[in-house]
Every structure is written in structure tokens, then in C-alpha cells.
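Some notes on the structure that comes next.
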Amino acid sequence: MTKPEITPISPVLGAEVRGVDLADGIDDATFAVLHGAFLDHGVLLFKDQTAMAADVQVAFARRLGPLHTHPAAPAEHDDPAVFLIRTHRDSTISNGNGWHSDVSCDEEPPSATMLQVHVLPDSGGDTLFADMEAAYATLPDDLRARLRQMSAVHASEHVYRGRYADRGAVDEGVTYPTAVHPVVRTHPETARRSLFVNPSFTVGIEGLDDDGSRQLLADLYVHCARPEFQIRHRWDRNDVALWDNRRVQHFAIWDYWPHERCGHRVTVQGDRPFFDPDGEDPPPSPLRMSLGRLA
């Protein structure tokens, strides 16, 4: 077994991993350590990596579960499980340039995403991650109780229609997914609760009129974007990021035009989001007590 060095990035979210090169493959004991760290920290950032062959990246992701197929991504790799993430001078839009949980519009959204970046601009192109467990835990008790009774509509027509036309994707006749998910979801492996709404895909709250829905979502988005919940990753070439879409949102910053950023992404199929009414909310914490409350 290769013993990885796992160093937390913040008390809330994320850890750096060193001492293991994923391109070489890993044994079951090492994977077990990494899987535990993944559940503990939500985001793992693997440093000092070499470029993984696509089949090695796919094999690692499969250890977390069956693979997810993106509903809109163009087929640009021999393996359909590999999504080419690429933005350059001719791009009209960037992958991930806004807060989101990957493909939350699916009935069964991805549980995990694994990205290795091979081409980087000289500066810029960082990725932000935000922990929705902390965002939920720091809400007022009465608001948490209210949100636990709510469901939200996640849609993708406005996101995906024509999005990849410049990369050869044809979406004539394609119907892009829409799903209804609980506003507060329970993690299927840890039983911890988190907020599950995001400004990219969530288009409304069921049971509220348009104004009430927009206002509640706007308030939640402001809260979710607090820096106390975030980490910011500055990429080195061949870094690998593995994040848990069941509790984490991310934002890939497109501040490097006309330069290029390119990598390979593989996502793992998740379960249908659910809320467990028999679970327990987190106890008060110093972070919760230190934050201002939503009006």
C-alpha cells in the first residue's frame, strides 16, 4: 500500500493529497483511504501528478460507482465516459463558469466528478468549491425546518441548448432533462444533510409563486457563496480534482481568455436525491454562531 499524505485545506472543506500518483494505478487499501478522505473532506486535490491515460482515469472513477453520461457533451474522445473540458480563444462559453452541482437537472445526478487538467493558462483558471453541508448547518433553525419541507425544479434547456455547437454537438430533436429534487438532501453514504439548489440549474421552488421563489433562491445563493464555505484551487499541470456533487458546488473561473485550459473529466452516476426525515441536523458550531443570519 502507498500511504497518501492527506492535508486539510480548511476546517470546512477540501484536502490536498500527495505521495500517490494516480497514473500508476492504486491498490484496494490505498483506494479505501482515499474514499474515506473523499467522504470526510468533500474535495480531494491530488498534487504532483503525471498525466493519466483515459482508461486509468475511468478505472478509478468506476471504483466509486457506474459512470454517468452527460446529456449534452459532444463526443470528442474514444471513450464516451470521458468529457473533454476545453476553453480557448474561439470558445463562446466556458464549462462551469458559474456556481453549480454537476448536472443537477438529471433524475439521478452525478455523485462524484474527477477532473485532470493538462493544459493551463499562465495565470487564472482557478476553481472555487463551496460546501453545502456548512451552508445548510449555518442557517437559522426555523429556515432549515421550512426548507426541509420543500422541493425545487432543476432544468437544463436554458443551459445546454446550443452550448456545444462550436464543438460539433447537434441538439436538434434533443430533450434536455428536468427533475424535481428536495431542497435539503441527505447524503446516501454519510447521512449528513446539505442544501441542494444552485443558480445554474435550479429554476424554481415548488409551491411558491414566482416572486417568492426568486427571492428565497436569491437569499440562499447569497448565503451559499459566503467565503467561509469556500476553498480556491490554483491548478498546476496534471493536478487531479475529485469532488462530491452531493454536498459541493463549484465555479470554474473563466478569466484567462484568449488562452487555453483543457482536461479530461469523468463523472460517476449518483442516486436520486432524497431527504431522510429521521436524520438529525448538525449541532451548533463556532462557524454557525459566527455567521450573520438570513433575514
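The values are calculated or read from the model by the stated rules, or taken from the named source; none is laboratory data. Remember, predicted model here, so these are calculated numbers, not experimental data. Methodologically, a virtual Cβ is constructed for each residue, glycine included, from the backbone with ideal geometry; neighbour enumeration extends over all protein chains shown.
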(message) Take His187 and tell me if it is touching a Gly at 6+ places or on another chain (Cβ under 6 Å), at pLDDT 95 or above and on the phi < 0 side of the Ramachandran plot.
(response) no
Say whether the condition of being modelled with pLDDT of 95 or more and of a type in the set (Phe, Trp, Tyr) is met by at least one residue in the range 115-138.
yes
By residue number, the members of the range 168-201 that are under 21 Å from Glu133 (Cβ atoms), of a type outside the set (Lys, Arg) and in contact with a Ser or Thr (Cβ under 6 Å, 6 or more places away or on another chain) are Pro182, Asn198, Phe201
_Hey, Thr50 of a type in the set (S, T, N, Q), within 21 Å of Gly263 (Cα to Cα) and more than 21 Å from the chain's Cα centre (by Cα) or not_ = yes
Check: Do we find a residue being surrounded by fewer than 22 Cβ atoms within 10 Å (Cβ to Cβ), of a type in the set (Lys, Arg) and assigned to a loop (DSSP other than H, G, I, E, B) anywhere in the range 190-201?
Finding: yes
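Tell me yes or no: at least one residue of the range 100-114 is of a type in the set (Gly, Ala, Ser) and modelled with pLDDT under 95.
Quick first cut of the range 100-114, residues of a type in the set (Gly, Ala, Ser) only: 101, 104, 111-112.
Filter once more, keeping what is modelled with pLDDT under 95: none.
No, the conditions are met nowhere in the range 100-114.
Taking only the range 145-176 into account, find how many residues are modelled with pLDDT under 90, in contact with a strand residue (DSSP E or B) (Cβ under 9 Å, 6 or more places away or on another chain) and part of a loop (DSSP other than H, G, I, E, B).
Initially, the range 145-176 is screened for residues modelled with pLDDT under 90, giving 156-176.
Of the ones still in play, those that are also in contact with a strand residue (DSSP E or B) (Cβ under 9 Å, 6 or more places away or on another chain) are 156-159, 167, 176.
Retained after the next criterion (residues that are part of a loop (DSSP other than H, G, I, E, B)): 156, 176.
Adding up the residues that qualify gives 2.
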Check your understanding: Does the range 213-229 include one or more residues that are touching a Pro at 6+ places or on another chain (Cβ under 7 Å), assigned to a loop (DSSP other than H, G, I, E, B) and either buried (at least 20 other Cβ atoms within 10 Å of the Cβ) or of a type in the set (Ser, Thr, Tyr) (or both)?
Key -> no
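Does Gly207 meet the test of being touching a residue at least 24 places away in the same chain (Cβ under 8 Å) and more than 20 Å from the chain's Cα centre (by Cα)?
Details: touching a residue at least 24 places away in the same chain (Cβ under 8 Å): yes; more than 20 Å from the chain's Cα centre (by Cα): yes.
Answer is yes for this residue.
Within the range 207-239, count every residue that is of a type in the set (Val, Ile, Thr) and touching a Phe, Trp or Tyr at 6+ places or on another chain (Cβ under 8 Å). Before the answer, list the steps.
As a first pass, look at the range 207-239 and keep what is of a type in the set (Val, Ile, Thr): 222, 231.
In the following step, the residues that additionally are touching a Phe, Trp or Tyr at 6+ places or on another chain (Cβ under 8 Å) were identified as 231.
Within the range 207-239, residues that are of a type in the set (Val, Ile, Thr) and touching a Phe, Trp or Tyr at 6+ places or on another chain (Cβ under 8 Å) number 1.
For residues that are polar (S, T, N, Q) and part of a loop (DSSP other than H, G, I, E, B), scanning just the range 1-59, find the one that is farthest from Arg234 (Cα to Cα).
From the range 1-59, those polar (S, T, N, Q) are 2, 7, 10, 30, 49-50, 57; that's our starting set.
Then drop every residue that is not part of a loop (DSSP other than H, G, I, E, B), which leaves 2, 10, 49-50.
Working: Thr2: 26, Ser10: 15, Gln49: 14, Thr50: 17 Å.
The selected residue is Thr2.
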Scanning the range 19-39 residue by residue, those within 25 Å of Ala134 (Cβ to Cβ), surrounded by 13 or more Cβ atoms within 10 Å (Cβ to Cβ) and of a type outside the set (Phe, Trp, Tyr) turn out to be Val33, Leu34, His35, Ala37, Leu39
